[in-house]
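Structure record follows, encoded as structure tokens.
The values are calculated or read from the model by the stated rules, or taken from the named source; none is laboratory data. This is a predicted model, so every value here is computed, not measured. Note that we place each Cβ from the backbone using ideal geometry, even for glycine, and neighbour counts take in every protein chain shown.
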Amino acid sequence: MVAAAQMGPVARSDTRAGVVERLLDMFIQSADRGADLVVFPELALTTFFPRWWQEPLSAADHWYETEMPGPDTKTLFEEAARRQVGFFLGYAELTPQGHRYNTSVIVDRRGSIAAKYRKVHIPGHETNEPWRPFQHLERYYFEPSPDGFAVHDFLGARVGMMICNDRRWPETYRVMGLQGVEMILCGYNTPIHYAPDPSQDVLAGFHNQLVLQAGAYQNGTWVVATAKGGMEEGVDSLAQSCIVAPSGQIVAQTITNGDEVIIAECDIDWCARYKETLFDFDRYRRPECYAILTESDNGKSSRERGKAVSSEHSFKEGDPK
Ligand code: ING
């Protein structure tokens, strides 16, 4: 059984201890309902601080964790060991070397960290843009992961992690799909208003479901996606946490934008119904046709070459067929 423990807003003034109390309440509620694993949101311990410009960058240090577990989070790890229930937790990481990452960990039934993931796709902008009603300065506050996506043997399944914007990129799911992933855990903070193109605002929920369902189906994997939603420091953020089956069906979804636990029986054997038929990669995938996907110049050189190639294969109006 897997639970998504959605959070409502975390205020700028909320303390980590106060936030952890909320997480603990939902963790205990999930364990009482039979959960083996509880998935918390991205940056779960603080308000979504990248909505504000702070300089120097060191003025933001207090938003980051320098140790995990730390003094405020160790009760979560202790409860995991006590109830023998694992969890996924997103937080801002400041390493001893001074690197800053948007990070998540999965913690096992003994309360030990089984794996750490650092966000690959960093959205938003790098510099102060006061024209925005609120900012999205993740590219100022976080470095992109140098590690990419891994899949781990965890709680009896092949489990991977992604964070927020990662869920919008098909490569995220396929890189883990090619490692046999059976469940992808995700936390997100998604403002409903998207300043660069407000026409997308009304589609926030649709786009959230679209990418999660497509990624699950096209890779025969479960996806558990947990929001920190609601009106947080004046920014309306998408809730709609959900649990998606390998079929692409949503089997559970939150109905509020506050603290809310949803739970589902996730039969890992369901993955094989897709991985061993329609999406049997060994039988049907054509990697020899996909080289452009991994060119570091985002395909520019292929498009250049493509001009020569496509002239042989594309016909102009009136050409003899
Ligand atoms: N948040 C957003 C996300 O990808 C965003 C960024 C906001 C994209 C609004 C599109 C629209 O869901 C994070 N934290 O990545």
Checked the range 206-228 for anything in a helix (DSSP H, G or I), more than 14 Å from the ligand (Cβ to nearest atom) and either in contact (Cβ under 8 Å) with a residue 60 or more places away in the chain or over 15 Å from the mean Cα position of the chain (by Cα) (or both); matches are Tyr217, Gln218, Asn219
Those residues of the range 241-262 that are crowded, with 22+ Cβ neighbours inside 10 Å and part of a loop (DSSP other than H, G, I, E, B) come to a total of 4
Taking the criterion of being of a type in the set (Val, Ile, Thr), touching a residue at least 40 places away in the same chain (Cβ under 8 Å) and surrounded by fewer than 20 Cβ atoms within 10 Å (Cβ to Cβ), would at least one residue in the range 125-144 satisfy it? no
Checked Val19, Val85 against criteria (at pLDDT 95 or above and either closer than 24 Å to Leu155 by Cβ or not assigned by TED's automatic domain parsing to the domain that holds Ile255 (or both)); the one match is Val85
Residue hits (the range 43-52; buried (at least 17 other Cβ atoms within 10 Å of the Cβ) and either closer than 15 Å to His136 by Cβ or modelled with pLDDT under 95 (or both)) are Leu43, Thr47, Phe48, Phe49, Pro50, Arg51
Restricting the range 15-54 to residues that are β-branched (Val, Ile, Thr) and in a helix (DSSP H, G or I), the one farthest from the chain's Cα centre (by Cα) turns out to be Ile28
Reported set for the range 158-173 where residues are more than 13 Å from the ligand (Cβ to nearest atom) and either assigned to a loop (DSSP other than H, G, I, E, B) or surrounded by fewer than 20 Cβ atoms within 10 Å (Cβ to Cβ) (or both) is Arg158, Pro170, Glu171
Fill in: Flag if Gln200 is surrounded by fewer than 19 Cβ atoms within 10 Å (Cβ to Cβ) and within 10 Å of the ligand (Cβ to nearest atom)
yes
Flagged pairs (Cβ under 8 angstrom, 6 or more apart or on separate chains; first in the range 180-205, touching a residue at least 12 places away in the same chain (Cβ under 8 Å); second among the polar types (S, T, N, Q) and near the ligand (Cβ under 10 Å from one of its atoms)) are Tyr188/Asn208; Asn189/Ser237; Thr190/Asn208; Thr190/Ser237; Pro191/Ser237; Ile192/Ser237; Ala204/Thr190
Taking the range 107-122 and keeping residues within 16 Å of the ligand (Cβ to nearest atom) and in a loop (DSSP other than H, G, I, E, B) leaves Lys119, Val120, His121, Ile122
Residue set Phe154, Phe149, Phe142; condition of a type in the set (Phe, Trp, Tyr), in contact with a strand residue (DSSP E or B) (Cβ under 8 Å, 6 or more places away or on another chain), in the same structural domain as Gly86 (by TED's automatic domain parsing) and more than 16 Å from the ligand (Cβ to nearest atom); output residue Phe154
